[in-house]
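Every read-out reported here was derived from the displayed coordinates using simple, explicitly stated rules and does not represent laboratory data. Keep in mind that this is a model prediction, so the values were computed, not measured. Virtual Cβ from ideal backbone geometry, glycine too; neighbours counted across all protein chains shown.
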Amino acid sequence: MTSTESLTYTVEQVAALLGIARGVAYESVRNGEIPATRIGRRWLVPRKRFHAWLDGEPTARPRKDAA
C-alpha cells in the first residue's frame, strides 16, 4: 500500500468495485453482509476486511462498545 492509499473504502467505491448499485451496497452494509463500520453518519469499509470478505475468510464484526 502506498502512502496515498486510504485504509478504507466508501460504500460508493465498494459498489463500483463489485459492479452493484449504490443502494444495494448500502443495504448490504446495513444488514452486515458487507463488513463496514459506522463513523458518525458515514459508513466506512476497511480495505483489509473487505478483501478478506471477498476471499471468503470469516470477518469479525467490531464490538459496539469499542471506542
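Observations
- For the range 17-23, Karplus couplings with θ = phi - 60° (6.51, -1.76, 1.60), whole Hz, Gly/Pro x: 4, 8, x, 10, 5, 4, x
- Spin-label proximity, ARG42 to the range 1-31 - amide N less than 13 Å from point 7 Å beyond Cα toward beta carbon: 6-13
- 3J(HN,Hα) from dihedral phi, the range 31-43, Karplus parametrisation 6.51/-1.76/1.60, rounded to Hz, x for glycine, proline: 8, x, 5, 9, x, 7, 10, 8, 10, x, 9, 9, 9
- Residues whose placed amide H lies under 5 Å from that of ILE34, excluding near-sequence neighbours: VAL29
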